[in-house]
Amino acid sequence: AKYTMIDQETCIACGACGTTAPKVYDYNDEALAYVVLDENEGAVEVPEELEDDVLDAYEGCPTDSVKVADEPFHGDPLKFE
Ligand code: F3S
């Protein structure tokens, strides 16, 4: 299982993740990305068919703000760093 969340402290609103994985990431009023699955808590398992998109977004984020892990983040994007 994969879990994902965005570190909004480092997101520069580049817009790549939502283009790569539009079913997983969207943008708030400040154009910062968040995970639509659970309002960026990183607690809901990524549906299996969306895992490849999530990994592509992870690799494509210029500021390493797309976080991906095998366990839930529960709101802390730096939990596994
Ligand atoms: Fe932000 Fe990275 Fe997405 S900078 S908009 S989290 S690709």
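The values are calculated or read from the model by the stated rules, or taken from the named source; none is laboratory data. The shown structure was predicted, so the numbers you read here are calculated from the model rather than taken from an experiment. Quick note on the areas: whole protein, heavy atoms, side chains included, nothing else; ligands and nucleic acids left out. Shrake-Rupley method; radii C 1.70, N 1.55, O 1.52, S 1.80 Å.
Dividing the alpha-carbon radius of gyration of the chain by the rule-of-thumb value 2.2 N^0.38 Å gives 0.93. When L78, L37, L50 are compared by accessible area at a 1.4 angstrom probe, the order from most to least is L78, L37, L50.
Helical content of the chain, expressed as a calculated mean residue ellipticity at 222 nm, amounts to -5000 deg cm²/dmol (DSSP H runs of 4 or more residues, -39,500 (n - 2.57) each, divided by residue number, nearest 500). In the context of the full set of protein chains, residues of the chain present 58 Å² of accessible surface per residue (probe radius 1.4 Å, heavy atoms only).
To put it simply, the accessible area of the chain at a 1.4 Å probe is 44 percent carbon and sulfur. Available extension along the chain between Q8 and E81 is 24.7 nm, counting 0.36 nm per residue and deducting the alpha carbon span.
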